[in-house]
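Comments concern the structure below.
The values are calculated or read from the model by the stated rules, or taken from the named source; none is laboratory data. Please read these numbers as outputs of a predicted model, since none were measured by experiment. Here the Cβ positions follow ideal geometry from the backbone for every residue, glycine too, while neighbour counts run over all protein chains shown.
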Amino acid sequence: MLNRLERQLATEYKKKHCVLTASGTVALWLAFSQLPLGKKVLLPAMVCPNLLYAASLAEREVVYADIRDIDATICPDSVESKLSRHSEIGIVVAVHLFGNNANIRVLKDVVDKHGAILVEDAAQSMGGLDDENVLLGTKGDVSILSFGHTKIIQAGGGGAFLTDNDDWTKDARSLLSTLDHVSKSRLDELSEEYRRLFYPIWIAGQREQSFYSLFESFPMLFKDMFLHQAGSDQVAKITNALEGLAEKVTHRREVAEIYRHELSPVDGIKFFRSAKGIVPWRFSFRIDPSIRGQFLKYIRDKGFDVSSWYPCVAKWMCDEAESGHFPVAERIEREIINLWVDESYGQNRAMELSCAVNEFMGSLHNQLKKGEVR
Ligand SMILES: Cc1ncc(COP(=O)(O)O)c(C=O)c1O
């Protein structure tokens, strides 16, 4: 069954090899571990922290490139400039953040020109297509997938490392065999502790940046959670879940379309570029940072889910030379709002949530007119 699933994914993603892993994080760790020691990994400045943890566990230093204002994906000009200045960068990671497609064609040319490896992270974009209708995740020298919590296909965990390279695949399989099996109860315990510690540090860091340095100990503290063998039932769960992909893709696109339609006339909301082929991870948009705290509270008090994810992780590192150089990521971190588009939000609930957003923005507009808010 494992061989069949690996072959199915390799065929779908037009790669010679697929190595199934316990998570997207393990797949990233396998990719980063291919780099000779001393080489660095270039990440988007705003991204899921697991990418940093994977690099840290692979003992590879990270540098960052800013993201694009139109879709929050890594900016090819910023990548070009970093590659020109840092010859030690060996891997560039393009993440289709929020499901938005990074400009892989341009990135691949830039990365090839500098002799680096392009890792395409399709963890949040499964089933999505680029502007030429090509499946996201098919163009990287290595592509990675995730079947974990909140992803488009949720199978209670799982990931994939995909590549055409025979040597990297051989190395990946042998590295994978060095990982331990970790029990479900231990994983649950660790992920509860992680959540308990992560949010207070994140909040403190937003007030005073030096608190972010506490995250440096996370990769080792939570090593068993990030790096372990896949459970014995993982293959069956992923195989079953994949059968529902087309339905999930349609649902997400329809719900996102409702939000876009209902919220388009609302003053004070800024959308990312609309691309027809993508599969939204969440419906993400931006509002003024001065009202975001009130917005999140209002929407949550009404009983809806909403988040302000992702952080500008480039600020977490203490290297003064690098901080303050990611204006787009730093701005989007303060403005971003995510609404749910998975099966827990049907068309009616999406309409109700749109009304709540509308109400909040409308009442704010009235207060502004009356001079009650500045
Ligand atoms: C863009 C991205 N890449 C990789 C990962 C890691 O995937 P996993 O949760 O399966 O470890 C995540 C989520 O955590 C993600 O959002």
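Hey, can you tell me all the residues within region 102-141 that are polar (S, T, N, Q) and under 15 Å from the mean Cα position of the chain (by Cα)?
Taking region 102-141 first, the residues polar (S, T, N, Q) are 103, 124-125, 133, 138.
Result: Gln124, Ser125.
Kindly indicate whether Glu262 is acidic (Asp, Glu) and surrounded by 19 or more Cβ atoms within 10 Å (Cβ to Cβ). Break it down into steps so the answer makes sense when it comes.
Details: acidic (Asp, Glu): yes; surrounded by 19 or more Cβ atoms within 10 Å (Cβ to Cβ): no.
The answer is no for Glu262.
Please determine whether any residue of region 142-149 is of a type in the set (S, T, N, Q), assigned to a strand (DSSP E or B) and away from the ligand (no atom under 13 Å from the Cβ).
No, that holds for no residue.
Residue under question is Asn101, and the condition is that it be under 25 Å from Glu333 (Cβ atoms), polar (S, T, N, Q) and either within 14 Å of the ligand (Cβ to nearest atom) or not in a helix (DSSP H, G or I) (or both); does it hold?
Yes: the conditions hold for Asn101.
Name the residues in region 287-299 that are among the charged types (D, E, K, R), surrounded by 13 or more Cβ atoms within 10 Å (Cβ to Cβ) and not in a loop (DSSP other than H, G, I, E, B), would you?
Going residue by residue through region 287-299, those that are among the charged types (D, E, K, R) are 288, 292, 297.
Those still in the list that are surrounded by 13 or more Cβ atoms within 10 Å (Cβ to Cβ) too: 288, 292.
Correct list: Arg292 only.
Has region 188-199 got any residue that is among the polar types (S, T, N, Q), surrounded by 11 or more Cβ atoms within 10 Å (Cβ to Cβ), in contact (Cβ under 8 Å) with a residue 40 or more places away in the chain and within 20 Å of Pro49 (Cβ to Cβ)?
Checked region 188-199: no residue is among the polar types (S, T, N, Q), surrounded by 11 or more Cβ atoms within 10 Å (Cβ to Cβ), in contact (Cβ under 8 Å) with a residue 40 or more places away in the chain and within 20 Å of Pro49 (Cβ to Cβ).
Filter region 1-34 down to the residues that are in a loop (DSSP other than H, G, I, E, B), surrounded by fewer than 21 Cβ atoms within 10 Å (Cβ to Cβ) and away from the ligand (no atom under 16 Å from the Cβ) and list them by number.
Answer for region 1-34, where residues must be in a loop (DSSP other than H, G, I, E, B), surrounded by fewer than 21 Cβ atoms within 10 Å (Cβ to Cβ) and away from the ligand (no atom under 16 Å from the Cβ): Met1, Lys14, Lys16.
What is the one condition in (1) more than 16 Å from the ligand (Cβ to nearest atom); (2) within 23 Å of the chain's Cα centre (by Cα); (3) not assigned by TED's automatic domain parsing to the domain that holds Leu52 that Tyr194 does not satisfy?
Of the numbered conditions (1) more than 16 Å from the ligand (Cβ to nearest atom); (2) within 23 Å of the chain's Cα centre (by Cα); (3) not assigned by TED's automatic domain parsing to the domain that holds Leu52, the odd one out for Tyr194 is (1).
Would you confirm whether or not region 158-167 contains a residue that is assigned to a helix (DSSP H, G or I), away from the ligand (no atom under 16 Å from the Cβ), within 23 Å of Leu118 (Cα to Cα) and not hydroxyl-bearing (Ser, Thr, Tyr)?
Looking through region 158-167, at least one residue is assigned to a helix (DSSP H, G or I), away from the ligand (no atom under 16 Å from the Cβ), within 23 Å of Leu118 (Cα to Cα) and not hydroxyl-bearing (Ser, Thr, Tyr).
Could you tell me which numbered condition Phe222 fails, if it satisfies all but one of (1) in the same structural domain as Glu335 (by TED's automatic domain parsing); (2) closer than 30 Å to Leu2 by Cα?
Here Phe222 meets the rest and fails (1).
If you take the residues in region 48-98 that are in contact with a helix residue (DSSP H, G or I) (Cβ under 7 Å, 6 or more places away or on another chain), part of a strand (DSSP E or B) and over 27 Å from Tyr199 (Cβ atoms), which one is farthest from the ligand (Cβ to nearest atom)?
Applying the filter and picking the extreme gives Ile89.
Looking at Glu359, Glu343, can you tell me which residue is exposed (fewer than 15 other Cβ atoms within 10 Å of the Cβ), within 17 Å of Lys270 (Cα to Cα) and modelled with pLDDT of 95 or more?
Result of the check over Glu359, Glu343: Glu359.
Give the residue that is surrounded by the most Cβ atoms within 10 Å (Cβ to Cβ), with candidates limited to residues of region 228-255 that are farther than 20 Å from Ser146 by Cβ and in contact (Cβ under 8 Å) with a residue 40 or more places away in the chain.
Val255
Only one of (1) closer than 30 Å to Ser183 by Cα; (2) in contact (Cβ under 8 Å) with a residue 60 or more places away in the chain; (3) surrounded by 23 or more Cβ atoms within 10 Å (Cβ to Cβ) fails for His96. Which number is that?
Result: His96 passes all but (1).
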